[in-house]
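Enquirer: Right, I'll just put the structure down here and ask away after.
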Amino acid sequence: MKKILLILAAVIMLPWLAGAQDGRNRLVTTVIADAMAQLPAQDRSIYNTMMTDLASTGAEGVEKMAAMLVPAAKGQNNIVEYALNGLASYVTVPGREMMARNMSDGLEKAIVKCNDIPNKCFLISLLGTCGSDDNIPFLETLVSNKNTRDIALNTITRMPGARNAIIRQINAS
């Protein structure tokens, strides 16, 4: 009897232990795969459902999607770029500030891990779309790299509250 109860408890706890993400007990990778399979979206309602699902994966989902980018020279990133760009725009709607914060956190982690310069620049530009002045110190660390300097400076200038950061960069030049 104890064995049966233990097995039942393990089966019930399995989705939780496996890191289930949403109400349907899907994992982050499953949510991403389901959404990516529907791209490009056929209509607005599918798009909104898909973006809501992707946004619900938080920083972890954004980081996993960014990891799906292959080296830009191969030219096979259109679906992933479409999803990330759509998500960055989606989270900027008023009332979705927490989603935007999760998106920018995930983008920061993805930028650090990314080794392909064009992909890194793409991710930095997305950070400018959904980021806030909280991301400025991170962007300032990218200014010291000659490969990301221009895009990081451009992104900083588009951020709200960037006045002091711009002055620091001018004084540093």
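The values are calculated or read from the model by the stated rules, or taken from the named source; none is laboratory data. Model, not experiment: these values are computed from the prediction. Cβ coordinates were reconstructed from backbone atoms using ideal geometry, including for glycine residues, and neighbour counts include every protein chain displayed. Heads up: the accessible areas ignore ligands, DNA and RNA and are worked out on the full protein's heavy atoms, side chains in. Shrake-Rupley method; radii C 1.70, N 1.55, O 1.52, S 1.80 Å.
Enquirer: Carbon and sulfur: what percent of the stretch 23-151's accessible surface (1.4 Å probe)?
Expert: 52
Enquirer: Tell me, what is the per residue accessible area of the stretch 22-79 in Å², probe radius 1.4 Å?
Expert: Normalised by residue count, the accessible surface of the stretch 22-79 is 54 Å².
Enquirer: When we measure straight from the Cα of residue 120, which aspartates and glutamates land under 13 angstrom away, once same-chain ones fewer than 8 places off are left out?
Expert: 63, 81, 108, 150
Enquirer: Could you rank the peptides 99-111, 138-150 by their average count of other C-beta atoms within 10 Å per residue, with the highest value first? It would help to have the intermediate numbers written out before the result.
Expert: Details: 99-111: 22.6, 138-150: 15.2.
In decreasing order of mean packing, 99-111, 138-150 become 99-111, 138-150.
Enquirer: Under 1.5 on a/c is rounded, so check that first for the stretch 51-173, then, if it is not, pick prolate when a/b is larger than b/c and oblate when it is not; a ≥ b ≥ c are the square roots of the alpha carbon gyration tensor eigenvalues.
Expert: Oblate.
Enquirer: Something else about it: Tally Lys/Arg at +1 and Asp/Glu at -1 over every other residue whose Cβ is under 14 Å from the Cβ of residue 143; what's the total?
Expert: Values: positive: 120, 146, 149, 168; negative: 140, 150.
Charge balance near residue 143 sits at +2.
Enquirer: Ranked highest first by average number of other Cβ atoms within 10 Å, how do 118-124, 67-73, 152-158, 37-43 line up?
Expert: 118-124, 152-158, 67-73, 37-43
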